[in-house]
Amino acid sequence: MKTSLAIKQTCVGLLLLLTPLLLAGCFFTQSNESVSRNPLELPPVTITPQDYYTIKLVFMGIPQNDEVLVEDKINQYLQEKIGARLDMVPIDWGQWEDRVNLMIASREKVDIIFTSQWSKHAVNVGKGAFLELSDLLQQYGAGILNSLDPVLLEGSKIDGGIYGIPTNKEMASQGGIIYRADIAEELGLDMDAVHSVADLGEIFQKVKENKPDMLPIYMKQGETFNAHYIGNYDALGDTSIPGFILKDGTDTVVRPNYAIDRYLETWHITRDYFLSGYINADATTNQTMNTDALGAGNVFAITSSLKPGKAEEIAIQINMVGKLAQKELNTKTIATSETAGSMLGISTTSDNPVLAMKLINLLHSDAYLNNLLNYGIEGRHYERVSDKVITRTKGTEDYNLGANWMFGNQFLNDVWDTESPDKWEKFRQFNEGATLSPGLGFVFDSTPVKSEVAAVVNIDRQYISALDTGSVDIDRVLPDYIQKLKTAGIEVIIKEKQRQFDQFIREQAERRRRL
């Protein structure tokens with residue numbers, strides 16, 4: 001009690017000397033413990049995780065068993081680097097469109113969303129989903145600007161604005177299949193003789209005859225022979241908006257899919273394959289990712305966009321190392337769809353766009369963070385073989401996003417010991433010698449036909465998956481599909497896209513003339 005009395009006496013003396021503001025700090029409760037700290041000394045400030053802004057990152061992917069462990073490791077780093085934390089929000093591919101549409105429509109609070117021209121980027125920009133990033137990029141994106149080819153940024157613009165930061169990866173595009181090389185060898189299949197979609201019929205027939213329990217090819221919405229990456233269709237912007245030219249051609253006339261000979265021919269080939277039992281009967285409804293279907297062990301092939309080492313990447317992801325190979329089915333090309341084929345956009349609902357941009361910048365410039373996000377924790381999810389080469393562990397299955405191409409700068413990535421050690425040099429070589437699309441650099445502004453685009457997109461949701469997977473009788477369904485598209489305004493969209501594209505071509509010609 002003497003100690004308590006002494007403290008009270010001290011406070012009385014201070015009342016005569018200090019301002020009322022300090023006076024408020026001199027009230028103490030009685031205690032049996034001695035006071036060792038100066039009464040005027042402020043208590044130490046403790047910063048808790050709740051004091052940091054949490055950046056919500058939404059992307060395509062499957063939740064990982066060890067996601068929380070990796071997030072904790074990332075957050076320890078981000079708290080020091082930019083004073084923020086990360087909340088990873090993976091959304092399964094099959095649910096992606098509906099979930100993102102709901103997020104945008106409900107104005108859900110998110111910060112960064114994966115976006116691309118093949119996932120309605122331009123449509124969502126038109127809805128006001130993404131911030132224009134030019135100023136943020138200049139202020140907080142030095143790492144991006146120092147590493148990213150200006151062609152990628154320029155090619156991803158919409159009406160002169162930047163609404164997504166492209167991933168630094170390969171610029172060329174090629175499509176084909178990922179297939180079971182071990183099964184092809186077992187059955188003596190001549191994959192070297194395959195050069196087109198039509199050539200696959202004989203291969204699939206032999207697989208079905210010799211492996212009746214194995215599906216020759218798995219398809220789902222968007223993963224078909226008429227996917228833009230196989231058909232080489234240039235949508236001149238968002239692939240969900242009708243009106244295409246061929247990336248590997250020279251014709252600049254914009255046409256709807258049903259007026260393109262290649263598209264029609266592929267529909268008929270796919271229908272024949274479906275009737276022959278080569279394609280899964282539930283192709284229009286099954287939402288299983290095609291890589292997961294391949295990993296189940298009873299699928300021979302899936303369609304895929306290709307790049308050097310793509311089969312090896314997927315093999316690691318689905319635990320089939322040494323069993324997969326890839327086969328190209330078209331000409332290597334470069335179009336605007338590649339420059340904007342994988343981007344991170346900042347949502348207009350973000351409460352802290354500056355921190356969001358700082359995170360994107362780190363993913364483009366900080367190798368430690370980039371690899372931590374992609375591969376997890378060293379010693380648990382992988383072991384290091386050498387400076388840039390890693391190997392699998394028992395824990396790899398608990399964290400293996402397989403989404404390097406979505407995040408920042410892929411040239412910062414380590415490579416697995418089952419991949420080519422010069423993988424990134426092969427990426428650079430892959431970009432060389434590609435055919436340039438006549439539409440390279442052009443992005444259609446759908447604003448003048450926004451209502452028609454919305455109506456046509458709804459029609460496509462009803463018909464396109466069934467047609468592309470061969471699930472319906474083309475001769476019966478196609479006329480109805482075309483008529484509904486015309487009623488919805490597809491011809492108005494095509495006319496406006498052609499008008500803008502023609503203007504772009506004239507401006508490019510004038511620019512070359514002046515040079």
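The values are calculated or read from the model by the stated rules, or taken from the named source; none is laboratory data. All figures in this text were calculated on a predicted structure; none of them were measured in a lab. Note that each Cβ is placed from the backbone with ideal geometry, even for glycine, and that neighbours are counted across all protein chains shown. What goes into the accessible areas is simple: the full protein's heavy atoms, side chains included, and nothing from ligands, DNA or RNA. Shrake-Rupley method; radii C 1.70, N 1.55, O 1.52, S 1.80 Å.
For the stretch 195-344, the residue among 257, 216, 341 whose Cα projects farthest onto the positive side of the dipole built from Cβ charges is 216. Placing a label point 7 Å from the Cα of residue 146 along the Cα-to-Cβ direction, the residues of the stretch 380-408 with a backbone N closer than 18 Å are 408. Using the Cα gyration tensor of the chain, with a ≥ b ≥ c the square roots of its eigenvalues, what is the shape: rounded (a/c below 1.5), prolate (a/b larger than b/c) or oblate (neither)? Here the chain falls in the prolate category.
Cross-link pairs exceeding 31 Å in C-alpha to C-alpha distance, out of 247/423; 127/426; 247/450; 310/486; 127/310; 109/423, comprise 127/426; 310/486; 127/310; 109/423.
Loop only by DSSP, 13 or fewer other Cβ within 10 Å of the Cβ. Give me the GluC sites (Glu not before Pro) in the stretch 40-133 that pass, ordered by residue number.
Working: sites: 41, 67, 71, 80, 97, 108, 132; in loops: 41, 108, 132.
Answer in residue order: 41.
Surface calculation, 1.4 Å probe, protein heavy atoms: residue 107 sits at approximately 120 Å² accessible. Scaling against 2.2 N^0.38 Å puts the C-alpha radius of gyration of the stretch 105-148 at 1.35.
Rolling a 1.4 Å probe across all protein chains gives residue 411 an accessible area of roughly 50 Å². Ranking 373, 467, 232 by how far each Cα lies toward the positive end of the dipole of the chain (charges on Cβ) leaves 373 at the top.
For the chain, the 222 nm mean residue ellipticity estimated from helices alone, with every DSSP H stretch of n ≥ 4 adding -39500 (n - 2.57) and the total spread over all residues, rounds to -12000 deg cm²/dmol.
Sum up the charges of everything whose Cβ sits under 11 Å from the Cβ of residue 263, counting Lys and Arg as +1 and Asp and Glu as -1, but leave residue 263 out. Before the final figure, lay out each step's value.
Details: positive: 255, 262; negative: 261, 265, 468.
Charge balance in the 11 Å sphere: -1.
Each Lys and Arg adds +1 at its Cβ and each Asp and Glu adds -1 at its Cβ; summed about the Cα centre, the stretch 319-430 shows a dipole of about 220 debye.
Counting Lys and Arg as +1 and Asp and Glu as -1 over every other residue whose Cβ lies under 12 Å from the Cβ of residue 175, the net charge comes to +1.
With charges set only on the Cβ (+1 for Lys and Arg, -1 for Asp and Glu), what does the dipole of the chain come to about its Cα centre, in debye to the nearest 20?
Numbers: 50 positive and 68 negative charges, 280 e Å.
The calculation lands at about 1340 debye.
Checking the a/c ratio against 1.5 first, then a/b against b/c, what shape does the Cα gyration tensor give for the stretch 414-515?
Numbers: a/c = 2.91, a/b = 1.28, b/c = 2.27.
Cα axes put the stretch 414-515 in the oblate bin.
Heavy-atom accessible area, probed at 1.4 angstrom with all protein chains present, ranks 384, 499 as 499, 384, highest first. For the residues 135, 87, a 1.4 Å probe over the protein chains yields an accessible-area ranking, largest first, of 135, 87. Listed by chain and number, the aspartates and glutamates whose alpha-carbon sits under 16 Å from that of residue 211, ignoring those within fewer than 8 places in the same chain, are 182, 185, 186, 202.
Shape of the stretch 256-324 from its Cα gyration tensor (a ≥ b ≥ c, root eigenvalues): rounded if a/c is under 1.5, otherwise prolate when a/b > b/c, or oblate? Don't skip to the answer; put the middle values down first.
Numbers: a/c = 2.53, a/b = 1.65, b/c = 1.53.
Note, shape of the stretch 256-324 comes out prolate.
Only protein heavy atoms count here; under a 1.4 Å probe, residue 147 has an accessible surface of about 40 Å². When only the Cβ of Lys, Arg, Asp and Glu is charged (+1, +1, -1, -1), the dipole of the stretch 379-505 relative to its Cα centre reaches about 240 debye.
Angle of helix 2-15 to the longest C-alpha principal axis of the chain, folded into 0 to 90 degrees and rounded to 10: 80°.
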